[in-house]
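Read the structure below first, then the notes.
The values are calculated or read from the model by the stated rules, or taken from the named source; none is laboratory data. Note that the structure is a prediction, hence the values are computed from the model and not measured. Every residue, glycine among them, receives a Cβ derived from its backbone with ideal geometry; neighbour counts consider all protein chains shown.
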Amino acid sequence: MPYFLRYPDIIFKLTLQHLYLVLIALSIALIIALPLAWFLNRHKRLSNIVMGFFGIVYTIPSIALMIILIPFLGLNEKSVIVALVLYSQVILLRNILTGLDGIPKTTIEAANGMGLSTWQIAWKIQLPLALPVILAGVRISAVVVVAIATIGAKFGAGGLGTLLFDGIAQAGRTDKIWTGAIIVGLVAFSLSRLALYLEKRFSYPV
Amino acid sequence: MQGIVFDKVSKQYKNAAAPAVNQVSFTVDPGSLVVLLGPSGCGKTTLLKMVNRLFEPSEGTIYLDGVNIRDMEVTALRRQIGYVIQQVGLFPHMTVAENIALIPSLLKWEKPRIQSRVDELLTLIHLDPLEYRDRYPAQLSGGQQQRVGLARALAGDPNVLLMDEPFGAIDAITRASLQQEVMQLQNQLQKTVLFVTHDVEEALLLADKIAILKEGALVQYDTPWNLLTNPADEFVRELINADDRIRQLTVLKAKDVMIKPSHHEQVLKKVQQRTDLRQVLSLLLSSPNAVVAVTDSSGKVVGEISLQQLVLE
Ligand SMILES: Nc1ncnc2c1ncn2[C@@H]1O[C@H](COP(=O)(O)OP(=O)(O)OP(=O)(O)O)[C@@H](O)[C@H]1O
Ligand SMILES: [Mg+2]
């Protein structure tokens, strides 16, 4: 009997763990990226510096980044989540900035001239106008984060990576590797379909 | 003091050699339409944007209905001023109705009142509410978009309208019909309007008074009639092509030249206050006594014109 039919409960638990890591990381990443990008959009010079910084972070191999974080955060899921958040920043920031840049100046001027406050413009005009591009960023980072989160198993965060690393450690257990790989793929695929659906849902005729 | 008062208003941009607006003073009477006219770069937009405080003057003061606009909260000030720009700036993620409803909802109007306001305005600008309410801006023609832009500016029922080359990007035929509509609307609503254009015909057609700007300074501020008959200098004379009499007659209106009525109105042919003088002349030439009566929108006779009024002294 194939592995995933023998231990559905284990697989279910690992998948949930994995989803938890991914969704927590993505939520935190968005909560940081949205206001940060909004701020950087108004300060173009600072924007280049910050994007440069995250660009460098992005080139650090994921295992190395997590190891760097362990002395500060401990050998646990915290390090993993922080690493995932850092990775997704580049993609998210770039997309949110692109989305905000794509809004014509005159649209913002009209909103200003009508008497919308800065907050109302951000919430009622800029966010919905940039939303399709933002969601595209979420879709791409979701796939990246699902993949990198597998490494979390090495750092005590559990998740589907457990199957992969067990499979490597135990001779002849390629079935575990296959199961892990396929489910990781399915999770990534479903999340990106969900984001794609939302992208369509929140797009508007241009 | 009602209306908009500019008191020695100047605007110096950083790093600019000369001020964009230089010591400009004039008054826009309540309910009148004033056109800011002048060549590109003369400071029209800058002057306009100081009224809703998108720019702040470097010197001088602007009063709205007697209140220094600097003493007003900026979003509150802007919500009582309708703002229309050439690029329209409709919000593409909102339907026509949502665009128009935005300011009323920020002003916390009740739902039913907002809905009926949206339909009322769409009807006013000649777009069928049933057909257009739920469309997105991208699903409208340029002229229709600008109509909606105008409706959106009127939505909160502001007393003041600022319009910056609203028809500058629209084809000639649509522009002409939009100009007619602005005149009708203005007859009906009597807003205090500041209207920027560098199209002289448009200025002469729409304006109660025209402010002519040159390199940031106000050169002349007067009615179309007085500008044409009494240009302050060569610059104004050339700008408005003051020497072409026939052209003047097509843009000047009955109310510009009418005198107090003295004839028995029954026997006279009647024209509206905003009928252009070319039509008036045509009527005069075909009336036996060479006098026409001018009526207001309710049909009451308010003046009369004979050939004499069309002749320059
Ligand atoms: N934000 C700005 N910063 C610096 N200079 C500006 C700015 N906006 C306008 N200017 C300058 O101020 C002067 C007046 O510009 P303004 O836009 O008011 O002219 P305008 O009469 O509206 O011209 P147009 O008919 O081309 O729209 C110009 O010399 C312009 O270059
Ligand atoms: Mg301009």
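Of all positions in the stretch A:17-30, none carries a residue that is surrounded by fewer than 15 Cβ atoms within 10 Å (Cβ to Cβ) and more than 21 Å from the chain's Cα centre (by Cα). A single member of B:Met72, B:Met94 is in contact with a Phe, Trp or Tyr (Cβ under 8 Å, 6 or more places away or on another chain) and either without any contact (Cβ under 8 Å) to a residue 24 or more places away in the chain or more than 16 Å from ligand 2 (Cβ to nearest atom) (or both), and it is B:Met94.
Restricting attention to the stretch B:48-61, the residues that are under 21 Å from A:Ala110 (Cα atoms) and away from every other protein chain (no Cβ under 14 Å) total 1.
So, B:Arg117, is that one farther than 21 Å from B:Val193 by Cβ, touching a residue at least 12 places away in the same chain (Cβ under 8 Å) and either away from chain A (no Cβ under 12 Å) or in a loop (DSSP other than H, G, I, E, B) (or both) or not? Spelling it out, it is not the case that B:Arg117 is farther than 21 Å from B:Val193 by Cβ, touching a residue at least 12 places away in the same chain (Cβ under 8 Å) and either away from chain A (no Cβ under 12 Å) or in a loop (DSSP other than H, G, I, E, B) (or both). With respect to being exposed (fewer than 12 other Cβ atoms within 10 Å of the Cβ), touching a Ser or Thr at 6+ places or on another chain (Cβ under 9 Å) and at pLDDT below 95, A:Pro8 falls outside the description.
Return a yes/no flag: does the stretch A:62-69 have any residue that is away from chain B (no Cβ under 14 Å), at positive phi and surrounded by fewer than 18 Cβ atoms within 10 Å (Cβ to Cβ). So far as the stretch A:62-69 goes, no, none of its residues is away from chain B (no Cβ under 14 Å), at positive phi and surrounded by fewer than 18 Cβ atoms within 10 Å (Cβ to Cβ). The one condition from (1) in contact with a helix residue (DSSP H, G or I) (Cβ under 6 Å, 6 or more places away or on another chain); (2) within 16 Å of ligand 2 (Cβ to nearest atom) that B:Gly82 does not meet is (2). For the residues B:Leu77, B:Leu124, B:Leu90, B:Leu64, the requirement of being away from chain A (no Cβ under 14 Å) and under 23 Å from the mean Cα position of the chain (by Cα) singles out B:Leu124.
Pick from B:Ser40, B:Ser105: which is away from every other protein chain (no Cβ under 14 Å) and hydroxyl-bearing (Ser, Thr, Tyr)?
Values: B:Ser105 fails: away from every other protein chain (no Cβ under 14 Å).
Unique residue meeting the criteria: B:Ser40.
Scan the stretch B:120-148 for residues that are among the β-branched types (Val, Ile, Thr), part of a helix (DSSP H, G or I) and buried (at least 18 other Cβ atoms within 10 Å of the Cβ) and report the count. Lay out the reasoning, then the answer.
Within the stretch B:120-148, the first condition is being among the β-branched types (Val, Ile, Thr), and the residues that meet it are B:123, B:125, B:148.
In the following step, the residues that additionally are part of a helix (DSSP H, G or I) were identified as B:123, B:148.
Okay, now just the ones that are also buried (at least 18 other Cβ atoms within 10 Å of the Cβ), so B:148.
Of the residues in the stretch B:120-148, 1 are among the β-branched types (Val, Ile, Thr), part of a helix (DSSP H, G or I) and buried (at least 18 other Cβ atoms within 10 Å of the Cβ).
How about the stretch A:98-119: which of its residues are more than 7 Å from chain B (Cβ to nearest Cβ), within 25 Å of B:Leu107 (Cα to Cα) and surrounded by fewer than 16 Cβ atoms within 10 Å (Cβ to Cβ)? Those that are more than 7 Å from chain B (Cβ to nearest Cβ), within 25 Å of B:Leu107 (Cα to Cα) and surrounded by fewer than 16 Cβ atoms within 10 Å (Cβ to Cβ): A:Lys105, A:Thr118, A:Trp119.
Can you name the residue in the stretch B:161-177 that is closer than 18 Å to B:Leu124 by Cβ and buried (at least 21 other Cβ atoms within 10 Å of the Cβ) and, of all such residues, is farthest from the other protein chains (Cβ to nearest Cβ)? Steps first, please.
Let us first name the residues in the stretch B:161-177 that are closer than 18 Å to B:Leu124 by Cβ, namely B:161, B:163, B:166-167, B:174, B:177.
Checking which are buried (at least 21 other Cβ atoms within 10 Å of the Cβ) leaves us with B:161, B:163, B:166-167.
On the way: B:Leu161: 12, B:Met163: 11, B:Pro166: 12, B:Phe167: 16 Å.
Taking the candidates together, the pick is B:Phe167.
A search for C-beta distances below 7 Å between a residue of the stretch A:187-206 that is within 12 Å of chain B (Cβ to nearest Cβ) and any residue that is among the aliphatic types (A, V, I, L, M), counting only pairs 6+ apart in sequence or on different chains, returns A:Phe202/A:Leu131; A:Phe202/A:Leu135; A:Pro205/B:Ala138; A:Val206/B:Ala138.
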